[in-house]
Amino acid sequence: MSPLNRGSSRADIPCMDPDAADAPVLLAEMLRTSVAPALRELGLRGSGQSYRLTNAGGDHALLGIQKSVASSRSAALLTVNLAYFPGADWDAAHAAGQVAARPTASARWIPSGWQTRIGLLVDEPHDHWLTVRSPADVSVVSAHLLALVRDLALPQLTARLTGATPPPVPVAPAGDRPRVCPWPELCGLRWPPDA
């Protein structure tokens, strides 16, 4: 009988190195033990991969952590999606059967909403993916992710939630498609900038 069919552990499967780091497990642990508590300290409510800020008007300021389908046992990738939806507009779209009852950061868009990815808020906008491969990556990636959220995401979300003018968003040159960057290997981005 195949090891895959008898409920054995990964260590029993000959093609897998039992001593190799399991990147998705490291990523999940990083999100649970490091990122989630820090996001809550920054004022966000939520757990797992979905967080939100709220106001008395029922508006939705959302932060979602997206894991890549390209992740493997040896490399887990993630990025951050951000969204803001006015509560009354979302409720009307829901009543019309256009959207789900509760929005997410990667939810279907409504015209009065705003959505972006974290990498599009940095100078030299790009599709910014963070990569966890080994235990050594966890603290570096976690710190980088939290700095991006604190310095870029929260100012955008809180401005929209309070009705203030959001900080300007960098614009890529016309016709340029944002490049994909699996940080930290191939991306020149250093955040915070003085790091």
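A short reminder: the numbers here are calculations on the coordinates, not readings from a lab. Since the structure is predicted, the reported quantities are computational estimates derived from the model, not experimental observations. Every residue, glycine as well, gets a Cβ built from its backbone with ideal geometry; the counts of neighbours run over all protein chains shown.
Table for the structure above
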{"read-out": "Per residue, the convex hull volume that the Cα atoms of region 25-164 enclose (Å³)", "value": "115"}
{"read-out": "P(r), alpha carbons of region 117-169 - 5 Å bins starting at zero, rounded %", "value": "4, 19, 23, 21, 16, 9, 5, 2, 1"}
{"read-out": "Neighbour-count order for I110, I65, fewest beta carbons within 10 angstrom listed first", "value": "I110, I65"}
{"read-out": "Relative contact order of region 66-175, defined on C-alpha pairs under 8 angstrom at six or more residues apart (%)", "value": "26"}
{"read-out": "Full-stretch length increase - D123, V69 - with 0.36 nm per residue and alpha-carbon distance subtracted", "value": "16.8 nm"}
{"read-out": "For region 54-108 versus region 133-168, the gap between their alpha-carbon centres in whole angstrom", "value": "16"}
{"read-out": "Viscosity 1.002 mPa s, temperature 20 °C, Stokes-Einstein D of region 89-132 from Kirkwood C-alpha radius, µm²/s", "value": "173"}
